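The values are calculated or read from the model by the stated rules, or taken from the named source; none is laboratory data. All values derive from a computational prediction rather than experimental measurement. Cβ placement follows ideal geometry from the backbone for every residue including glycine, while neighbour counts extend to all protein chains displayed.
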Amino acid sequence: MSPELVTLHLSQLQKSIEKSKTNKYADSRKRDYHDNILKLFDELNKIDFLGFSADSLVLTKKIIDFCFVSVEFLDNSTLVNIPHEIVYCLEKALNEWDDTNQYIIVTSLHNDLNCFSFNTLLSLNETYYDIIKAVFSISFNHRLIQINLPKYLSQDYLANVVLYHELGHFVDLRYQITEKLSTALNLSETERSYYGEFFSDIFASQYIGEASNYYLDYIAYNDPDSLSHPSTNSRIEIVHKFLSGKSDKILDDLKDATPKSTGKELRNRRNVISDADFRNFIPTILNSEEELHSIFEVGWSLWQGKISEFEVKNITKYEKYQILNNLIEKSISNYMILEKWNSYVPY
Amino acid sequence: MEYKPYLFDLFFYSLPIAYSKERKSNNVEYFKEELLEIYKLKIGAMYFAVNQDIQNIETYSSFLNEILNSGNTYYANLFREIIEETQKLITSNDYYSVSSKRFAIVKHLSQFPEIITTIDINNLKKEDFDRLIACFDKHLSAAN
């Protein structure tokens, strides 16, 4: 590895950082994180790489990559770009499992329509933060939970229920739930991976019921077991069992291990609400976080069924798609405004 | 692939902007068919995935080298915490009691009780770090 190429990499980072300098965030913690990236860049920029050993150059490359990924996700999570409403719902769920205020959900929008994924790099890879603190004396107070989602579906509240599953992956890895369980049960790598997927499915269903199953059964229809994922049918079945209170070896293992690692139980965290408002084209007034999460089930239930009130008005399928998404968005957004309003009301 | 109208329509109506012009020109059915084919091909692609970048043993090994070569106190304190956690795990064998933040490294080191249990965390010496390197070397040589 040559010093000139590390310098090229750093120049590329500089270009990206220059563009991001004017980013505006609704969450001040992102600004704090962003400022640390700028400090880190300034420190990197002072270094003359000519005398560096190969190991030090490799390490520098990794740190530059770390900055690049951070800027990419911050750029996609500004006031203008971030899908606020769905991230707000995810943050509510996250706070139930980690109330340290340390983790910030950030998103990156991709062109792939199936690109729902979670990356651990900026949230759980402590070694990066250790290196940065040890070498540059820069301490990051926050970590970024990186969630990837399809660009064209960022405002699609039916498809985005999948993000609850991605949050489940974060909670699993944050507390090492299935890793510890896997060690205790001496599971193979594939079995551990399956437990991780099952955990994330069950985690999501605490909030959104079967909603992500509907989507999974479409985009991964009848998929058999693979090295990383259990079959789609087994994933759907375990969620059924969890929601209906039935017993199952894997489900019981996960229900047992989760409180041991997190102090929290896997349980129903939603409160099923009426679809009457949506049928009348008005957003629903949500009275609690449990109802907030349940709004996605209302949307899914109406999407899959016939809505006589819509048919009378000759609403087309595309209009139905837009109306349901708008109603979900407005219901969440009203809840957000009311919460903020109530927090300022002087009693 | 089974055709599920309500789900397929969901995809269809969330189509990227690129399709919108053609949709206006009454080619709706054509594009539905084309899209169905695309999704048949995409089955098995990434769905609900997690990209893990696991803390690796090499990095911790490099921390040890830093301690030995330049006396880095930050890494030394980090290892003090890791060794303390590992000693507790070796005694209790309770994986759930280990802090999640560094579970991977603690679990790895717990495989070397003959080294870990003889280290005095309140009086760490250069020899202790030398012996820890051996725990990593075994892993790294196995990996290679």
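Scanning the range A:69-87 for residues that are more than 13 Å from A:S154 (Cα to Cα) and in contact with a strand residue (DSSP E or B) (Cβ under 9 Å, 6 or more places away or on another chain) gives A:V69, A:S70, A:E72, A:F73, A:L74, A:D75.
Residues checked against (1) within 14 Å of chain B (Cβ to nearest Cβ); (2) in contact with a Ser or Thr (Cβ under 8 Å, 6 or more places away or on another chain); (3) within 18 Å of A:Q146 (Cβ to Cβ):
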| residue | (1), (2), (3) |
| --- | --- |
| A:A54 | yes, no, no |
| A:K62 | yes, no, yes |
| A:V69 | yes, no, yes |
| A:P83 | yes, yes, yes |
| A:K92 | no, no, no |
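A:N141 meets each of the listed conditions (1) over 13 Å from the mean Cα position of the chain (by Cα); (2) part of a helix (DSSP H, G or I) apart from (2). The lone criterion from (1) touching a helix residue (DSSP H, G or I) at 6+ places or on another chain (Cβ under 9 Å); (2) at pLDDT below 95; (3) of a type outside the set (G, A, S) left unmet by A:L79 is number (1). Specify the residue that is nearest to the other protein chains (Cβ to nearest Cβ); the eligible residues are those in the range A:111-125 that are of a type outside the set (G, A, S) and in a helix (DSSP H, G or I). Here the answer is A:L121. Answer yes or no as to whether A:Y128 is at the interface with chain B (Cβ under 10 Å from one of its Cβ atoms), aromatic (F, W, Y) and either buried (at least 22 other Cβ atoms within 10 Å of the Cβ) or touching a residue at least 60 places away in the same chain (Cβ under 8 Å) (or both). So A:Y128 fits the description; yes. Is the range A:35-51 home to any residue that is out of contact with any strand residue (DSSP E or B) (no Cβ under 7 Å at 6 or more places or on another chain), part of a loop (DSSP other than H, G, I, E, B) and exposed (fewer than 13 other Cβ atoms within 10 Å of the Cβ)? Yes, because at least one residue in the range A:35-51 is out of contact with any strand residue (DSSP E or B) (no Cβ under 7 Å at 6 or more places or on another chain), part of a loop (DSSP other than H, G, I, E, B) and exposed (fewer than 13 other Cβ atoms within 10 Å of the Cβ).
Of everything in the range A:145-195 that is within 8 Å of chain B (Cβ to nearest Cβ) and acidic (D, E), the residue that is surrounded by the most Cβ atoms within 10 Å (Cβ to Cβ) is A:E166. Checking the structure you have, find out if any residue of the range A:296-304 is assigned to a helix (DSSP H, G or I), closer than 27 Å to A:Y175 by Cβ and either modelled with pLDDT under 95 or more than 14 Å from chain B (Cβ to nearest Cβ) (or both). For the range A:296-304, residues assigned to a helix (DSSP H, G or I), closer than 27 Å to A:Y175 by Cβ and either modelled with pLDDT under 95 or more than 14 Å from chain B (Cβ to nearest Cβ) (or both): present.
Would you check if B:Y95 is touching a Ser or Thr at 6+ places or on another chain (Cβ under 8 Å), at pLDDT 90 or above and within 11 Å of chain A (Cβ to nearest Cβ)? The answer is yes for B:Y95. Of all the listed residues (A:E265, A:E319), the sole one being of a type outside the set (S, T, N, Q), more than 14 Å from chain B (Cβ to nearest Cβ) and over 17 Å from A:Y214 (Cα atoms) is A:E265. The criterion of at least 1 residues that are over 28 Å from A:E290 (Cα atoms) is met, among helices (runs of 4 or more DSSP H) falling completely within the range A:150-250, by A:177-185, A:189-208. Taken over the range A:213-230, the residue count meeting the criterion of being on the phi > 0 side of the Ramachandran plot and crowded, with 20+ Cβ neighbours inside 10 Å is 0. Here the range A:202-234 is the region considered, the condition is being over 22 Å from A:G299 (Cα atoms) and of a type in the set (D, E, K, R), and the residue that is farthest from the other protein chains (Cβ to nearest Cβ) is A:D225.
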